[in-house]
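Contents: one structure, followed by commentary.
The values are calculated or read from the model by the stated rules, or taken from the named source; none is laboratory data. Here the structure is a predicted model, which means the values were calculated and not measured. Note: ideal-geometry Cβ built from the backbone for every residue, glycine included; neighbour counts use all protein chains shown. Side chains are part of the model used for accessible areas, which takes the heavy atoms of the whole protein and leaves out ligands, DNA and RNA. Shrake-Rupley method; radii C 1.70, N 1.55, O 1.52, S 1.80 Å.
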Amino acid sequence: MAPGSSSPPSLVIARPQPADAARIAAIHLAAMDSNPLLHAQFPTPESLAGLERLLEADTATLLRREAPDGGILVAREAGGQGGGGSDGAIVAFARWESPSSAPSDAGHREKLEEDDELQSLAGCRSEFLAGYASRAKEARERYFGGRECYSLTFVCTDPLYQGRGAGSLLTRRVLDMAAAEGVPVYLESTEVAVKLYERLGFRTLGGFEMRIPRRGTANDMVVYRETCMVWYPPSQEEEEEEEGQR
């Protein structure tokens, strides 16, 4: 079914293949286009094109591993052979880190933003990459410490397919995996996504902010904020509520 149709297509959640890396990178950039932080960090077309190439390479590397543990799931339109949706268009993806992920995956989002190759992209403003990474790390340590958890780093939906529940489906799948292991899920949310995560059972822990240039300017500064949130599996929820009342 084409984007924009009145009746939303069925979606299936699946593991992507290395050949899907380019599509996942393209969705990442399209979904994040409304985020002012992206354009503070990568203010030129050249830097955004470079970012997309690096995201594709990073994604392909993860998907080529023999046993991708914490990693990536995609939502596809149902339409593959037998109705399984294996060949349907990818409309969204979620990326996470699990407690059993390889050590090299720990802190992926912060490591990606501190990556030398990324910071050396022509047109990139590395001070806003490093500034975000340090604030996110400090906030996580302050509000959540070093607790074992799933870290939900990205949930991105192609804007042409937004409003069809793909992001919620992907997030719920990650929550199911975390619940099976009896561990919470931690994330940093943009301001516009907080209500969505609250509906899925996440709680606000705190937040952080930084000053970044308004989109299309170099020095007209505005305040950018993110909210630190956590979801507890049913096995821990009551325990956390009692702890919070002490």
Neighbours by Cβ (under 6 Å, 6+ apart or cross-chain): first from region 13-24, at pLDDT 95 or above and basic (Lys, Arg); second open to solvent by less than 80 Å² (accessible area, probe 1.4 Å) and outside any helix (DSSP H, G or I): Arg23/Ile90
Could you run through region 182-204 and say how many residues are under 18 Å from the mean Cα position of the chain (by Cα) and open to solvent by less than 60 Å² (accessible area, probe 1.4 Å)? 14
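Could we say that Val155 is surrounded by 19 or more Cβ atoms within 10 Å (Cβ to Cβ) and in contact with a strand residue (DSSP E or B) (Cβ under 9 Å, 6 or more places away or on another chain) here?
In short, yes.
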Sort out which residues of region 42-64 are out of contact with any Cys (no Cβ under 6 Å at 6 or more places or on another chain) and polar (S, T, N, Q), and write them in order of number. Thr44, Thr59, Thr61
Test Thr217 against the criterion of being out of contact with any Lys or Arg (no Cβ under 6 Å at 6 or more places or on another chain) and surrounded by 19 or more Cβ atoms within 10 Å (Cβ to Cβ), and give yes or no. no
Among (1) at pLDDT 95 or above; (2) surrounded by fewer than 13 Cβ atoms within 10 Å (Cβ to Cβ); (3) more than 26 Å from Ala89 (Cα to Cα), the one test that Cys228 misses: (2)
Would you mind stating whether Gly163 is at positive phi, more than 19 Å from the chain's Cα centre (by Cα) and surrounded by fewer than 12 Cβ atoms within 10 Å (Cβ to Cβ)? no
Filter region 170-181 down to residues that are surrounded by fewer than 18 Cβ atoms within 10 Å (Cβ to Cβ) and touching a residue at least 40 places away in the same chain (Cβ under 8 Å) and give me whichever is farthest from Ala31 (Cα to Cα). Glu181
